[in-house]
1. Only one of (1) away from the ligand (no atom under 13 Å from the Cβ); (2) at pLDDT 65 or above; (3) open to solvent by less than 50 Å² (accessible area, probe 1.4 Å) fails for Pro42. Which number is that?
2. Name the single residue, out of those in the range 45-59 being more than 8 Å from the ligand (Cβ to nearest atom) and within 16 Å of the chain's Cα centre (by Cα), that is most open to solvent (accessible area, probe 1.4 Å).
Amino acid sequence: MQFKSLPQLLDYFKEESTGIAYYENIRWGSIPACPHCGSVNPYKTNRGWKCSDKDCHKKFTVRVGSIRKL
Ligand SMILES: [Zn+2]
């Protein structure tokens, strides 16, 4: 997709679900990893993701540490 202007880009990311899907895509492809323990088997909730590791079990979104770690 091509953007001709910054406002157009911001308009695109204004839609929350679109932005999340975008970050999921560039960071993990289709399989996210837990930023707390590294488990790669989280399950999706309506607000984001939840780690399936029984010792961790933390909720996270794709934004947790996503930019700074790169
Ligand atoms: Zn975890």
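1. It fails just one condition, (1).
2. Arg47
The values are calculated or read from the model by the stated rules, or taken from the named source; none is laboratory data. These numbers were taken from a predicted model, which means no experiment stands behind them. Note that each Cβ is placed from the backbone with ideal geometry, even for glycine, and that neighbours are counted across all protein chains shown. Surface areas here come from the heavy atoms of the whole protein model, side chains and all, with no ligands, DNA or RNA. Shrake-Rupley method; radii C 1.70, N 1.55, O 1.52, S 1.80 Å.
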